[in-house]
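Down below is the structure, laid out as structure tokens.
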Amino acid sequence: MPTERFDCHYCKESLLGNKYVMKEDTQYCTKCYENLFSNCCEVCSLPIGCNCKDLSYKDCHWHEQCFKCAKCSRPLVEKPFAAKDEQLLCTECYSHEYSSKCSTCKKTIIPGSRKMEYKGNSWHETCFLCHRCQQPIGTKSFIPKDNGYFCVSCFEKQFAYQCCACKKAITTGGVTYNDKPWHRECFLCIGCKKQLSGQRFTSRENYPYCLDCFSNLYAKKCVGCTKPITSLAGAKYISFEERQWHSECFTCMQCSVSLVGRGFLTQRDDILCTDCGREK
């Protein structure tokens, strides 16, 4: 009874007593397998044979002995590495060549380690300290001041003004009035409590007022419409014998013609144009 044949699928040479490789349930002699399926090494360009480990990274392949740092030739097998411009580098070489330097200690910041970055500068997390208390700021809020960085608590103790209304620190913005600091949201009209920041306002006895409140409380009243006359808002008015009128209210009591720039007559508390006055 003839012996069953066991041949290479590609070259048909007998595999009995020889090494072979199975791929997808098909057998190949080692030579055919390497010619057909082996990857070429990125460094030496030779096929990575059946007797070698095939190390791969991003669709590239290396012999185990060729998988080295491109700068110092240190083996990278089972060690951390970084890729730059199609080259593999050990972490030390990568750090030396490409990593940022700490602005405080001037040493390299190792890739993967925690760091702080601000306006193009970098620090080790343990080197980014409050200029006052010398404690690491970490992920907490901070405030830059005079080439230094301060945690909020230290900044308030050393630099911040206290709002004269709420007595809390002013860390951003703020308003100065009568040489005293205020939060924008605390600088209010003494009458209606409306925010005055960014608005026109005036004062009386060192108290701030919006124009409406000041006019209602202190402005002269128009004889014609009884509403306040305020020059703060740019209103024009007429004054006669301690009485005032808005320009548009200074009219003849009988025919309502405007008396601005014209002669007029008075009859008790009334003002009349000359024509209506003669009729009287």
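The values are calculated or read from the model by the stated rules, or taken from the named source; none is laboratory data. These figures come from a predicted structure and were not determined experimentally. Cβ atoms come from the backbone with ideal geometry, glycine included; neighbour counts cover every protein chain shown. Just the protein is used for accessible areas: all its heavy atoms, side chains included, with ligands, DNA and RNA removed. Shrake-Rupley method; radii C 1.70, N 1.55, O 1.52, S 1.80 Å.
Computed values, structure above
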{"quantity": "Strands (runs of 3 or more DSSP E) enclosed by the stretch 227-280 - at least 2 residues per element that are at pLDDT 85 or above, more than 26 Å from Asp212 (Cα to Cα) and among the β-branched types (Val, Ile, Thr)", "calculated": "none"}
{"quantity": "Considering residues of the stretch 107-165 that are without any contact (Cβ under 8 Å) to a residue 24 or more places away in the chain and aromatic (Phe, Trp, Tyr) only, the residue farthest from Cys186 (Cα to Cα)", "calculated": "Trp123"}
{"quantity": "Search result, residues across the stretch 7-22 that are in a strand (DSSP E or B) and open to solvent by less than 40 Å² (accessible area, probe 1.4 Å)", "calculated": "Asp7, Val21"}
{"quantity": "Strands (runs of 3 or more DSSP E) lying entirely in the stretch 138-214 (those with 3 or more residues that are under 24 Å from the mean Cα position of the chain (by Cα) and within 30 Å of Gly120 (Cα to Cα))", "calculated": "142-145, 148-151"}
{"quantity": "Cys210 vs. criteria in contact with a helix residue (DSSP H, G or I) (Cβ under 7 Å, 6 or more places away or on another chain) and either loosely packed, with under 15 Cβ neighbours inside 10 Å or modelled with pLDDT of 80 or more (or both)", "calculated": "no"}
{"quantity": "All positions within the stretch 110-125 that are assigned to a loop (DSSP other than H, G, I, E, B), closer than 17 Å to Gly148 by Cβ and either open to solvent by 90 Å² or more (accessible area, probe 1.4 Å) or at pLDDT 85 or above (or both)", "calculated": "Lys119"}
{"quantity": "Matching residues, the stretch 251-280, being among the small types (Gly, Ala, Ser) and either within 16 Å of Glu241 (Cα to Cα) or over 60 Å from the mean Cα position of the chain (by Cα) (or both)", "calculated": "Ser256, Gly263, Gly277"}
{"quantity": "Of all residues in the stretch 126-167 being open to solvent by 80 Å² or more (accessible area, probe 1.4 Å) and in contact with a Pro (Cβ under 9 Å, 6 or more places away or on another chain), the one that is nearest to Ser113 (Cα to Cα)", "calculated": "Thr126"}
{"quantity": "Boolean, Glu86 is free of Cβ contacts under 8 Å to residues at least 12 places away in the same chain and of a type outside the set (A, V, I, L, M, F, W, C)", "calculated": "yes"}
{"quantity": "Count of residues meeting criterion [surrounded by fewer than 13 Cβ atoms within 10 Å (Cβ to Cβ) and over 30 Å from Phe142 (Cβ atoms)] in the stretch 171-193", "calculated": "3"}
